[in-house]
């Protein structure tokens, strides 16, 4: 068992509160991503698990054992840093062996662990090279290999791909996913990149301003955002937001679309007055009639498999609509738009969702 449990954990630096009363469980074998903007506290959480930052209040358990007072070396976790943290004067093999030598592991065992990790990461031919002779992606593999040889209860990754170029980031992301499938290990992964979170995570913890906004699977986070912040932070491009009014039609609750049309919202509860409608670009269809909104195309982004249209609504803001890659629309083309009702979210003045997507329930 390699669960990680943080219970009522708080952390301050001087008078600044960084983490406030966090309770979180990372299940054994789970790939959990801490996602949020800079300053949201995600790296601090990781460092507290690793023992690189003290926990001011609360408890930490790793594998069923209390660990908040243990030094880093006794927590049986391995951390992979953003900047690789390799020793430049040591070979790849030396870097991977260093930590094991410090705990007095025998030479034969060290050699066996290094050979196994090198084979797993497909870098057997690199063992005698030095960091300066490696590419960024290869250095990151060495950092991961150094963690693997420790055979930890959990791996902690602190934005490990942020120093790589775009193409290498994609390739290394796939390698990390494959590595987790092979090792079945517990992983806590910190990133501000929502694409990494969506593609790697079993569950995502979205953090903002020292607290948890939402915890869920990637598709729950995407389709059923609990708050306006989550809706705007997750997704590329982000969710569109349109101010609308609610209206009761008989006993049915609905909203008045920008076109003036009333839209029934099954499952809506406790909504009234002005609310903010949230809808993703792919959930808006271009139609010939019965439109929920009308507007004019102002910007066109042709991305190959899809086209993103920036549409200025006649009665509303500038929004983004997804069309096919072969879209025939041009700048200043008038468009009629229809919303996929099952994919609508509504957010009240407090920023919390009062309506979740029916499609993903």
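Looking at segment 156-168, can you tell me whether even one residue there is part of a helix (DSSP H, G or I) and either touching a strand residue (DSSP E or B) at 6+ places or on another chain (Cβ under 6 Å) or outside the structural domain of residue 102 (by TED's automatic domain parsing) (or both)?
No, every residue in segment 156-168 fails to be part of a helix (DSSP H, G or I) and either touching a strand residue (DSSP E or B) at 6+ places or on another chain (Cβ under 6 Å) or outside the structural domain of residue 102 (by TED's automatic domain parsing) (or both).
Among the residues of segment 86-120, those that are touching a residue at least 40 places away in the same chain (Cβ under 8 Å) and more than 11 Å from residue 146 (Cα to Cα) comprise 87, 88, 89, 90, 120.
Of the residues making up segment 56-64, one or more are surrounded by 14 or more Cβ atoms within 10 Å (Cβ to Cβ), at positive phi, modelled with pLDDT under 95 and assigned by TED's automatic domain parsing to the domain that holds residue 204. Among the residues of segment 26-60, those that are closer than 20 Å to residue 158 by Cβ and in a strand (DSSP E or B) comprise 26, 31, 32, 33, 34, 35, 60.
Determine if segment 289-301 includes at least one residue that is assigned to a strand (DSSP E or B), under 27 Å from residue 218 (Cβ atoms) and under 27 Å from the mean Cα position of the chain (by Cα). Yes, because at least one residue in segment 289-301 is assigned to a strand (DSSP E or B), under 27 Å from residue 218 (Cβ atoms) and under 27 Å from the mean Cα position of the chain (by Cα). Looking at the structure I just gave you, is residue 96 crowded, with 20+ Cβ neighbours inside 10 Å, in the same structural domain as residue 164 (by TED's automatic domain parsing), in a strand (DSSP E or B) and touching a helix residue (DSSP H, G or I) at 6+ places or on another chain (Cβ under 7 Å)? Answer is no for this residue. What residue, among those in segment 153-180 that are over 14 Å from residue 78 (Cβ atoms) and modelled with pLDDT of 90 or more, is surrounded by the most Cβ atoms within 10 Å (Cβ to Cβ)? Out of the qualifying residues, it is 159.
Quick one: would you say residue 213 is part of a helix (DSSP H, G or I), in the same structural domain as residue 47 (by TED's automatic domain parsing) and buried (at least 22 other Cβ atoms within 10 Å of the Cβ)?
no
Of everything listed in (1) in contact with a helix residue (DSSP H, G or I) (Cβ under 8 Å, 6 or more places away or on another chain); (2) at pLDDT 90 or above, the single unmet condition for residue 328 is (1). If you filter segment 272-288 down to residues that are over 29 Å from the mean Cα position of the chain (by Cα) and not in a strand (DSSP E or B), you find that the one that is modelled with the highest pLDDT is 288.
Tell me whether segment 263-271 contains one or more residues that are crowded, with 21+ Cβ neighbours inside 10 Å and part of a strand (DSSP E or B). No, that holds for no residue.
With respect to being in contact with a helix residue (DSSP H, G or I) (Cβ under 8 Å, 6 or more places away or on another chain), in contact (Cβ under 8 Å) with a residue 12 or more places away in the chain and within 30 Å of residue 136 (Cβ to Cβ), residue 264 falls outside the description. When residue 350 is tested against (1) out of contact with any strand residue (DSSP E or B) (no Cβ under 6 Å at 6 or more places or on another chain); (2) part of a strand (DSSP E or B), just one condition goes unmet, and that condition is (2). For the residues 177, 112, 118, the requirement of being in the same structural domain as residue 201 (by TED's automatic domain parsing) and over 23 Å from residue 2 (Cβ atoms) singles out 118.
Per this entry, residue 127 is counted among residues that are surrounded by 17 or more Cβ atoms within 10 Å (Cβ to Cβ), in the same structural domain as residue 86 (by TED's automatic domain parsing), touching a helix residue (DSSP H, G or I) at 6+ places or on another chain (Cβ under 6 Å) and farther than 22 Å from residue 169 by Cα.
For residue 37, the stated conditions hold: it is closer than 18 Å to residue 209 by Cα, in contact with a helix residue (DSSP H, G or I) (Cβ under 8 Å, 6 or more places away or on another chain), modelled with pLDDT of 90 or more and surrounded by fewer than 18 Cβ atoms within 10 Å (Cβ to Cβ). Does residue 112 qualify as being surrounded by fewer than 18 Cβ atoms within 10 Å (Cβ to Cβ) and at positive phi? For residue 112, the condition - surrounded by fewer than 18 Cβ atoms within 10 Å (Cβ to Cβ) and at positive phi - is not met.
The values are calculated or read from the model by the stated rules, or taken from the named source; none is laboratory data. A quick note: this is a predicted structure, and the numbers were derived from the prediction, not measured. Cβ atoms come from the backbone with ideal geometry, glycine included; neighbour counts cover every protein chain shown.
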